[in-house]
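Shown next, in structure tokens, is the structure this report addresses.
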Amino acid sequence: MASTYTPLGIEKMATGENAGTWGTKTNTNLEIVEQIAGGYTAQDIAGGAGTTTLSVSDGSTGATLSHRMIEFTGSITGNRIVTIPLDVQTFYYLRNSTSGAYTVQFKYVSGSGDTFTFATTDKGDAVVFATANDGTNPDIDTLPNGDVTTAGTQTLTNKTLTSPKIGTSILDTNGNELALLTATGSAVNEFTLANAASGAGPTLSSTGETNVDININPKGSGVLKSATAAIKIAGTETMWVPASAMYATTTNPAEAAQVETTALRPDMKVFDFAAAADDFVQFSVAMPKSWNLGTITYQVFWTPSTTNTGDCIFGLQGVACGDGDTIDVAYGTAVTVTDAGIGTVEDQQVSSASSAVTIAGSPADDQQTYFQLYRDANAGGDTFTGVARVLGIKIFYTTDAANDA
């Protein structure tokens with residue numbers, strides 16, 4: 001008696017007295033059992049939004065819903081629904097191989113029971129169980145298949161990822177960008193995160209080479225903050241130099257004065273710069289070590305002695321002297337700033353910021369910088385006819401270090 005074997009190992013009788021049967025089971029029935037146990041079929045669901053009802057074929061092979069593994073194929077241009085009859089009770093391995101960014105829903109033909117849906121971008125696999133637990137509203141339950149697919153969406157719990165490679169972003173639970181990642185060719189420096197025991201804070205470190213900065217760059221006019229308070233960072237700083245910290249030059253000096261406004265109201269410590277000739281004052285500063293040794297700018301704070309509204313021109317120049325340098329040295333190039341009289345005696349005036357002033361010498365840490373401030377009264381553009389009373393100047397300089405250590 002000859003016989004052949006199906007992939008399930010079920011012997012199919014080919015000749016002899018039982019040819020074509022197995023007791024009361026026909027060969028066709030055995031093939032139906034085979035496709036139910038482990039058969040595969042592809043179901044084309046191409047088209048726009050609509051429903052595909054899986055075929056039923058009682059007593060013969062080829063019923064799509066009887067196969068254990070079903071692969072959905074075709075180009076879909078709308079959300080698709082695939083249905084099975086209410087009385088089906090089995091499990092399926094489903095694969096979504098359709099093209100097109102639309103959902104594919106697997107459900108019973110009617111009722112309000114649970115369903116399973118491949119998301120618009122989910123071209124993966126799923127294991128589902130058709131319960132038939134309710135004749136009216138049966139459920140399609142999802143079974144865990146234990147696999148992580150490249151296209152599917154899975155939630156990983158208590159999984160260890162060793163050196164995972166992440167693409168261009170990390171998303172939050174709503175699918176919004178939480179962090180963007182930019183690759184740098186031949187990168188050797190990176191962040192290292194370390195947690196901490198009780199009483200200590202976690203650490204964010206830059207690691208890689210021997211000396212590595214951490215760059216945190218706010219966008220636009222944004223500032224770096226800790227909680228709600230801005231963190232002080234290197235950049236533009238100011239230094240106030242009052243008239244009381246200045247001294248008149250030996251040659252062509254401005255006149256120091258204390259001017260009373262009204263009794264027991266603010267008195268003004270000033271230097272009076274006359275309109276007839278150039279007058280000068282000086283002061284010196286040991287600049288902070290955090291100064292980047294570059295150019296500076298300044299504003300003049302002054303008050304008019306008359307109601308004249310002509311232009312008053314001020315100039316500032318500087319030179320740096322280090323240990324062992326001669327102080328008998330010429331100042332650098334002066335930079336002027338012009339401010340018109342405000343028209344009211346004893347009103348506060350603040351000039352605009354000057355252009356860049358270059359400090360002569362060779363500025364370096366631990367040097368003393370000498371400054372000379374003057375009124376360029378002899379300039380043709382200086383048309384203010386009264387005495388200009390300087391209250392002080394504000395110097396703007398740039399830092400490139402966090403502190404002066």
Of every Cα-Cα pair in segment 161-208, the percentage lying beyond 11 Å is 79
If we count every other residue with Cβ under 15 angstrom of A187's Cβ, Lys/Arg +1 and Asp/Glu -1, where does the sum land?
-2
Quick check on the chain: what does the Kirkwood estimate of hydrodynamic radius come out to from the alpha carbon pairs, in Å?
30.7
Helical contribution to [θ] at 222 nm, DSSP H n ≥ 4, -39,500 (n - 2.57), averaged over the chain, rounded to 500:
-1000 deg cm²/dmol
Among S362, S112, S169, which one moves the most in a GNM of the chain with springs linking Cα atoms closer than 10 Å?
S112
Could you give the accessible area per residue of the chain, probe 1.4 Å, as a whole number in Å²?
58
Considering only Y298, A402, A330, whose Cα is most displaced toward the positive end of the charge dipole of the chain, charges sitting on Cβ of Lys, Arg (+1) and Asp, Glu (-1)?
A402
Grab every C-alpha pair in segment 236-387, bin the distances at 10 angstrom width from 0 up to the longest one, and report whole percents.
11, 39, 34, 15, 2
Picking from L180, S205, A126, whose Cα lies most toward the positive end of the charge dipole for the chain (charges on Cβ: Lys, Arg +1; Asp, Glu -1)?
A126
Between their Cα atoms, which of K159/K219; K123/K165; K225/K289 are more than 32 Å away from each other?
K159/K219
The chain - charge dipole about Cα centre, Lys and Arg +1 at Cβ, Asp and Glu -1, debye rounded to 20:
1020
Place a point 7 Å from Cα of A353 in the direction of its Cβ. Which residues in segment 201-237 have their backbone N less than 20 Å from it?
218-224, 230-237
Could you order Y331, Y108 by accessible surface area, starting with the largest, using a probe radius of 1.4 Å?
Y331, Y108
Which three extents, in angstrom, do the Cα atoms of segment 40-91 have along their principal axes, listed largest first?
34, 21, 18
Under a point-charge model restricted to the Cβ atoms of Lys and Arg (+1) and Asp and Glu (-1), what is the dipole moment magnitude of segment 201-279 relative to its Cα centre, in debye to the nearest 20?
560
N215 versus A37, label points 7 Å from Cα toward the beta carbon: distance in nm?
6.5
Aspartates and glutamates whose Cα lies under 12 Å from that of K394, excluding same-chain neighbours fewer than 8 positions away
E237
Yeah, segment 233-292 with a ≥ b ≥ c from its alpha-carbon gyration tensor (a/c under 1.5 is rounded, else prolate when a/b outruns b/c, oblate otherwise) is oblate
GNM, the chain, Cα, under 10 Å: largest mean-square fluctuation among F91, F384, F191?
F91
Acute angle (nearest 10 degrees) that the helix 27-38 long axis makes with the longest principal axis of the chain, alpha-carbon atoms
20
Bridge orientation stat for the chain from DSSP, antiparallel percent rounded to 5, came to 80
Under the rule rounded for a/c under 1.5, else prolate if a/b exceeds b/c, else oblate, using alpha carbon gyration tensor axes a ≥ b ≥ c, segment 44-178 is classed as prolate
With a Förster distance of 35 angstrom and the Cβ-Cβ distance between N174 and D365, calculated FRET efficiency to the nearest 0.05 equals 0.10
Sites S97 and T182 - FRET efficiency at Förster radius 22 Å, r taken between beta-carbons, to 0.05:
0.05
Could you calculate the FRET efficiency of A248 with A402 from 1/(1 + (r/R0)^6), where r is the beta carbon distance between them and R0 is 51 Å, rounded to 0.05?
0.85
Amide hydrogen neighbours beyond the local backbone of I84, cut-off 5 Å, H modeled
K107, Y108, V109
Using a probe of 1.4 angstrom, how much of the accessible area of the chain is carbon and sulfur, in percent?
50
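The values are calculated or read from the model by the stated rules, or taken from the named source; none is laboratory data. Note that this is a predicted model, so its numbers are computed, not measured. With ideal geometry, Cβ positions are generated from the backbone for all residues, glycine too; neighbour counts draw on all protein chains shown. With ligands, DNA and RNA removed, areas are computed over all heavy atoms of the protein, side chains included. Shrake-Rupley method; radii C 1.70, N 1.55, O 1.52, S 1.80 Å.
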